[in-house]
Amino acid sequence: MEGRSIGTERGRWVPESPAWWQRGVIYQIYPWSFADASGDGVGDLRGIRDHVDYLAWLGVDAVWLSPIFPSPGVDLGYDVSDYRDVDPRFGSLRDLDDLVAALHAVDVRLILDLVPNHTSDRHPWFEQSRRDRTNPRHDWYVWRDPRPDGAAPNNWESYFGGSAWTFLDPPGRWYLHSFDPGQPDLNWDNPGVRDAIRDVMRFWLDRGVDGFRIDVIWLLGKDPELRDNPPNQGWREGLPDYLRLRRAYSEDGPRAHDHAQFLRSVVDEYPDRVMIGEVVLPPERAVAYYGTDLLEAHLPHNFALTEVRPGDALDLVVADWTAEGIRAIVEHYEAVMPEGAWPNWLLGDHDFPRVASRLGPERARVAQMLLLTLRGTPTCYYGDELGLVDAPPGTRGAVTDPQAATGEERDRLVARTPMPWTTGPNGGFSAVEPWYPIASDDQALTVERQRADPGSLLHLFRALIRLRRERPALAVGAYRSLLAPEDVLSFERWHPDVAVHVHLNLGPSPRQIDLAGGRVVLSTAGPTAPAPKVTLGGYEGVVVDVSASE
Ligand code: GLC
């Protein structure tokens, strides 16, 4: 093996003065499940504040918090009934201010989850909108008259199953909901809606939050004529019914980009803030949300390492976790990236099965090394730093996932379980029974045990973050693939000062690697791994310092 390029070229752009959201690591917290300070079994803002020392110890640079706004909870907070307050189950505005201050004091940013595509049906805007068609707020949502036979305006389907339309009388019309009927879609073609969301963003930015993750940003652009979605030609018996149609007109239309630009322009009114976009599309379409002249999301989320069912694909596109598969994913993503755009990676979020459940405990370690060494901003889902697993299928909690109610899609709550802090009662998450059971009774998966064990995944995760901080090559350097033996993914991260090689054995058998005269500085096998070494154990990964000169 030689250190020469076999794919992407090395001379890629290295940002000279990278922004915090380029150099940093983002950590997603699901507020229901991080820590319960109030003692009601549900996580809350004070609980998060009580663990700010943990976040600082980990070394993450920003927290992305799933929605904390008042919500009836039909979709666990993704159905917002008031954009300018905190849901009492999570605390108060005061608690949010305290959390921002506590995070900023240790140099950690806070990113809120903004849901502009839809509100709750209990939002006052919708309550006015539904009254009658002459109400000034009527057009804030997507209403249509019934067809002559009384049927829904078109064939669009909800992500949570069934028609995307519900009839209400008054006003004697159908309204659109891309998700649950309790989540009516806002009409983004109405300037009043745009202005109202702009004001909501300013409200939070003025309070000092550092940016937003924009929920389902690619759904903001619908076909203005609301044409029927076409049939999916390849649909066959055995596939879920909701795949019978291609979502060609109900999402990812050109106006989504106008709206994304508009949202970005609001973020840009404030210095040093970030806009992340949720775009569950294949990479070549997702990167369109960087925008022409990079004027949309700073980071359109890249789901290529997870499993994604893009709008019109028939089969789940599951990341192929072989060396060849991952290299192809990385090179494809790098190749479709617009010039000057900044990449990002994640292994999952609150909508996906946990990475340790998908890959198994051994590969969970090498997966974290991949996430934290690829070029681009990594987003880590809380608990993955412990190798936390999904709760067993069929686990029931105090609330249910509307997506699972379709019977066709998985229950997402199994990956949103309470953080296991200690080996004590309720995992130290809460003084009372949590809203949803702890995923596993394996005490090795607690923060307490892993903090005490220098060989734990938690320590590896932290060491990787520290390495990124110490080496600009890892944080912001260019990427190029290196030739590697079978099962091994090898790449270089290059920076004018120093370069780093990463070798990840994604197979079970030992493999020889070429250190290119460099020195192993970290191994997934733990602090006691012998170094320097030329043989990688099964599923072992290493980071190697090499000279940058060539
Ligand atoms: C996004 C969220 C998901 C939610 C949906 C509707 O995909 O990540 O959890 O159900 O939007 O808001």
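The values are calculated or read from the model by the stated rules, or taken from the named source; none is laboratory data. A quick note: this is a predicted structure, and the numbers were derived from the prediction, not measured. Every residue, glycine as well, gets a Cβ built from its backbone with ideal geometry; the counts of neighbours run over all protein chains shown.
In segment 341-359, the residues that are among the charged types (D, E, K, R) and modelled with pLDDT of 95 or more form Cβ pairs under 8 Å with partners that are in a strand (DSSP E or B) and within 15 Å of the ligand (Cβ to nearest atom), at six or more places apart or across chains, as follows: Asp349/Gln28; Asp349/Thr379; Asp349/Tyr381; Arg354/Tyr381.
Determine if segment 435-443 includes at least one residue that is over 30 Å from His298 (Cβ atoms) and of a type in the set (D, E, K, R).
As a first pass, look at segment 435-443 and keep what is over 30 Å from His298 (Cβ atoms): 435-443.
Narrowing the set further to residues that are of a type in the set (D, E, K, R) leaves 441-442.
Yes - at least one qualifying residue is present in segment 435-443.
From the list Pro420, Pro425, Pro496, Pro454, exactly one residue is in the same structural domain as Ala19 (by TED's automatic domain parsing) and over 22 Å from Ala364 (Cα atoms). Which is it? Working first, answer last.
Numbers: Pro420 fails: over 22 Å from Ala364 (Cα atoms); Pro496 fails: in the same structural domain as Ala19 (by TED's automatic domain parsing); Pro454 fails: over 22 Å from Ala364 (Cα atoms).
From the options Pro420, Pro425, Pro496, Pro454, the qualifying one is Pro425.
Thr417 falls short on exactly one of the conditions (1) more than 12 Å from Leu386 (Cβ to Cβ); (2) within 16 Å of the ligand (Cβ to nearest atom); (3) touching a residue at least 24 places away in the same chain (Cβ under 8 Å), and that condition is (1). Going through segment 481-521 one residue at a time, which ones are under 28 Å from the mean Cα position of the chain (by Cα) and at pLDDT below 95? Trp494, His495 - these are the residues of segment 481-521 that are under 28 Å from the mean Cα position of the chain (by Cα) and at pLDDT below 95.
Within segment 157-182, which residues are within 12 Å of the ligand (Cβ to nearest atom) and touching a residue at least 40 places away in the same chain (Cβ under 8 Å)? Please lay out each step first, then the result.
From segment 157-182, those within 12 Å of the ligand (Cβ to nearest atom) are 158-160, 177-180, 182; that's our starting set.
Tyr159, Phe160, His177, Ser178, Phe179, Asp180, Gly182, listed by residue number.
The set of residues from segment 183-204 being in a helix (DSSP H, G or I) and within 16 Å of the ligand (Cβ to nearest atom) comprises Ile197, Val200.
Within the option set Glu385, Glu362, Glu409, being among the charged types (D, E, K, R), surrounded by fewer than 20 Cβ atoms within 10 Å (Cβ to Cβ) and either assigned by TED's automatic domain parsing to the domain that holds Phe491 or more than 30 Å from Asp241 (Cβ to Cβ) (or both) holds for one residue only, Glu362.
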